[in-house]
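Visitor: Pasting in a structure now, in structure tokens, and then I'll have a few things to ask.
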Amino acid sequence: AQSVSQHNHHVILSEAASLELGCNYSYGGTVNLFWYVQYPGQHLQLLLKYFSGDPLVKGIKGFEAEFIKSKFSFNLRKPSVQWSDTAEYFCAVYGNNRLAFGKGNQVVVIP
Amino acid sequence: KAGVTQTPRYLIKTRGQQVTLSCSPISGHRSVSWYQQTPGQGLQFLFEYFSETQRNKGNFPGRFSGRQFSNSRSEMNVSTLELGDSALYLCASSLDGPGIAGELFFGEGSRLTVL
């Protein structure tokens, strides 16, 4: 079964700073890749997804992610964060008929 | 359209008891997945049901079981509860299955505390 690794589980940064969250997976077959976000007090929701095509995908709220197949990575980025980006971010990989999530990154943006 | 509805939202049980959680998916969605969310462990896959059949199962003991009804509503059951079962149990629905065609739609979860 595939596994998903997310690094830097707790991230604290100031508004306007850039954010990059790493995601690496272990699975040799074809994968679909996702980032989900959970804002405080809300349910998980999709941020962006990659199935095929352009490896640089754009999601909601100015987020983007880049799929690098050779590195088994799907890192999430945002050039300039806002206080409202405070949330927990989960990378997920679909392969072998199941969707596996990483342990999440807790991101706190200080105004 | 209405989202994924999970009941109950909160519950407290004692060790050895059993619990049943319910999930009503978005209308038209045939796939329901269950996840256990705990601090530091993220979301761990329990099982997925599609058209009343368990299509996939995670690495949880047999105390964790589930089922899906003809209207796509799903229940999961945990028997002989242990302290370590305390968690947020999330249900997610999708049209055809997680990751196949698009996104999962999550409910707000059922928070189980085992004393």
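Visitor: Give the residue that is surrounded by the most Cβ atoms within 10 Å (Cβ to Cβ), with candidates limited to residues of the stretch B:30-54 that are within 11 Å of residue B:74 (Cβ to Cβ) and at the interface with chain A (Cβ under 9 Å from one of its Cβ atoms).
Guide: Selected residue: B:33.
Visitor: Still on this structure: What number of residues in the stretch A:49-65 are exposed (fewer than 12 other Cβ atoms within 10 Å of the Cβ) and either within 14 Å of another protein chain (Cβ to nearest Cβ) or closer than 9 Å to residue A:33 by Cβ (or both)?
Guide: 2
Visitor: Would you say residue A:72 is more than 14 Å from chain B (Cβ to nearest Cβ), crowded, with 19+ Cβ neighbours inside 10 Å, without any contact (Cβ under 8 Å) to a residue 60 or more places away in the chain and not basic (Lys, Arg)?
Guide: For residue A:72, the condition - more than 14 Å from chain B (Cβ to nearest Cβ), crowded, with 19+ Cβ neighbours inside 10 Å, without any contact (Cβ under 8 Å) to a residue 60 or more places away in the chain and not basic (Lys, Arg) - is not met.
Visitor: Still on this model: Give the residues of the stretch A:1-23 that are assigned to a strand (DSSP E or B), farther than 17 Å from residue B:44 by Cα and not charged (D, E, K, R), sorted by residue number. Quick ask: steps written out before the conclusion?
Guide: Within the stretch A:1-23, the first condition is being assigned to a strand (DSSP E or B), and the residues that meet it are A:3-6, A:10-14, A:19-21, A:23.
Remaining after also requiring farther than 17 Å from residue B:44 by Cα: A:10-14, A:19-21.
Scanning the stretch A:1-23 gives A:10, A:11, A:12, A:13, A:14, A:19, A:21.
Visitor: Assuming residue B:17 fulfils every condition listed in (1) buried (at least 22 other Cβ atoms within 10 Å of the Cβ); (2) at pLDDT 95 or above; (3) not in a strand (DSSP E or B) apart from one, which condition is it?
Guide: Condition not satisfied by residue B:17: (1).
Visitor: Separate question: Scan the stretch A:66-111 residue by residue and report those that are more than 16 Å from residue A:39 (Cα to Cα) and among the small types (Gly, Ala, Ser).
Guide: Matches in the stretch A:66-111: A:70, A:73, A:80, A:92, A:95, A:100, A:102.
Visitor: Okay, next question. Any chance you could count how many residues in the stretch B:55-90 are farther than 17 Å from residue B:11 by Cβ and within 12 Å of chain A (Cβ to nearest Cβ)?
Guide: 5
The values are calculated or read from the model by the stated rules, or taken from the named source; none is laboratory data. On a predicted model such as this, the values are computed, not experimentally measured, just so you know. Every residue, glycine among them, receives a Cβ derived from its backbone with ideal geometry; neighbour counts consider all protein chains shown.
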